[in-house]
1. Quick test of your reading of the structure: Asp163 fulfils all but one of (1) under 21 Å from the mean Cα position of the chain (by Cα); (2) at negative phi; (3) touching a residue at least 60 places away in the same chain (Cβ under 8 Å). Name the failing condition by number.
2. Within the stretch 340-361, track down each residue that is farther than 14 Å from Val26 by Cα and open to solvent by 30 Å² or more (accessible area, probe 1.4 Å).
3. Restricting the search to the stretch 37-71, which residues are in contact with an Asp or Glu (Cβ under 8 Å, 6 or more places away or on another chain), buried (at least 16 other Cβ atoms within 10 Å of the Cβ) and without any contact (Cβ under 8 Å) to a residue 40 or more places away in the chain?
4. Could you check how many residues of the stretch 309-323 are assigned to a helix (DSSP H, G or I) and not aromatic (Phe, Trp, Tyr)?
5. Given the stretch 229-308, what helices (runs of 4 or more DSSP H) lie entirely inside it while holding 1 or more residues that are within 20 Å of the chain's Cα centre (by Cα) and closer than 25 Å to Asp82 by Cβ?
6. Spot the failing condition for Val337; the list is (1) open to solvent by 30 Å² or more (accessible area, probe 1.4 Å); (2) not in a helix (DSSP H, G or I), and only one is missed.
7. List the residue pairs whose Cβ atoms are under 7 Å apart, where the first residue sits in the stretch 255-272 and is without any contact (Cβ under 8 Å) to a residue 60 or more places away in the chain and polar (S, T, N, Q), the second is crowded, with 18+ Cβ neighbours inside 10 Å and not in a helix (DSSP H, G or I), and the two are 6 or more positions apart or on different chains.
8. Would you please name the residue that is nearest to Leu78 (Cα to Cα), looking only at residues in the stretch 102-121 that are open to solvent by 30 Å² or more (accessible area, probe 1.4 Å) and over 18 Å from the mean Cα position of the chain (by Cα)?
Amino acid sequence: MTDAAVLHIKGRVLVGPEEVRDELWVVDGRVTYERPAHARDVATVSGWVLPGLVDAHCHVGLDAHGAVDEAASEKQALADRDAGALLLRDAGSPADTRWVDDREDLPKIIRAGRHIARTRRYIRNYAHEIEPGDLAAYVRREARRGDGWVKLVGDWIDREVGDLTPCWPRWAIDEAIAAAHEEGARVTAHCFSEDSLTDLVEAGIDCVEHATGLTEETIPLFAERGVAIVPTLVNIATFPNLAAGGEAKFPNWAAHMRRLHARRYDTVRAAHDAGIQIFTGTDAGGSLPHGLVADEVAELVAAGIPAVDALAAATWRAREWLGRPRLDEGAPADLVVYEADPRVDVRVLAAPRQVVLRGRVVG
């Protein structure tokens, strides 16, 4: 190994939930567990160490009104970084954020392209709004633009019905998911209600966002088919306010949203108990600010998920699911240092001592 500036991380390095090492070294921005024979400018960081956290559902480049400019996108990405979220799955954005890939000081983004929604059945300025006959073609296009994911809007309020209803007929879903898989992309879908889930899962979907409509009937189907969920509980917390705002015009929808909110913890706990993979996501970038990943982990614990499992949903297991390394030998040195053991109390995630991104201390 040649002479190089080195960062020495010591304390308790949580390589996995049970695999703990006393130290690691960062050379040329990468992890090694072998002490370098020749090193200069050695800096030392101490504490409890985790791989960079994962926000598996956020929206860089998006706010409540649609796409934002690069300056606003940068602030969003920096907020996530400073919260310790160093890997982001962008679950749909109309903005082009490829420029972020050239910034060594910003988190890595795994993009799902732009949302694909039914005409007039989603938030204005967010999605491609199309009819079922065009769904497969748009899925292919977004699969080629994204980073291995495509995002559908599976259900939304139907103004004629006055409640949540599925957006797509089964034949269109079958064609679309098959098309995405042919392009080498996985498919996820926004779903609040109960009625949209069965067709999506039986058609081969890979993940469902929010998944508040899971029931005793559909939970076994998700478990059997290996469909993951990203509950976004910090977003589901907004349901009562949404219901209050729409109650006068859509009373059935408002009552439905309140029911989904009231059983949100029971739903997530039942999914966990059934063996469904659960990952952390905040839904930041619409109406919510970025940097809430610690809050989402705490919400999973509040739902009754064991602390280590909630932590894994934002670290080791999430990185494996997204095909990104943990704190493996030779991996990019993306890590977060804390004062205390986050496996004991996940609330320490809210106060990172230091953030190291690609081997550099950035926060």
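The values are calculated or read from the model by the stated rules, or taken from the named source; none is laboratory data. Just so it is clear, the structure is predicted and the values come from calculations on it, not from any experiment. Quick reminder, even Gly has a Cβ in these numbers, built from the backbone with ideal geometry, and neighbours come from all protein chains shown. Ligands, DNA and RNA are stripped out before the accessible areas are found, and what is left, the full protein with its side chains, is counted by its heavy atoms. Shrake-Rupley method; radii C 1.70, N 1.55, O 1.52, S 1.80 Å.
1. With respect to (1) under 21 Å from the mean Cα position of the chain (by Cα); (2) at negative phi; (3) touching a residue at least 60 places away in the same chain (Cβ under 8 Å), Asp163 is out only on (1).
2. Taking the stretch 340-361 first, the residues farther than 14 Å from Val26 by Cα are 340-354.
Passing the criteria: Ala340, Arg343, Val344, Asp345, Arg347, Val348, Ala350, Ala351, Pro352, Arg353, Gln354.
3. First, pick out the residues of the stretch 37-71 that are in contact with an Asp or Glu (Cβ under 8 Å, 6 or more places away or on another chain): 38-40, 47-48, 51-52, 55, 57-61.
With the extra rule that they be buried (at least 16 other Cβ atoms within 10 Å of the Cβ), the set shrinks to 39, 47-48, 51-52, 55, 57-61.
Within the stretch 37-71, just Ala39 meets the criteria.
4. The number of residues fulfilling the criteria is 8.
5. Values: elements: 233-236, 239-246, 251-262, 264-273, 293-302.
Ranges flagged: 233-236, 293-302.
6. Evaluating Val337 over (1) open to solvent by 30 Å² or more (accessible area, probe 1.4 Å); (2) not in a helix (DSSP H, G or I) leaves (1) as the failure.
7. If the second residue must be crowded, with 18+ Cβ neighbours inside 10 Å and not in a helix (DSSP H, G or I), the pairs left are Thr267/Thr212; Thr267/Leu214.
8. Asp105
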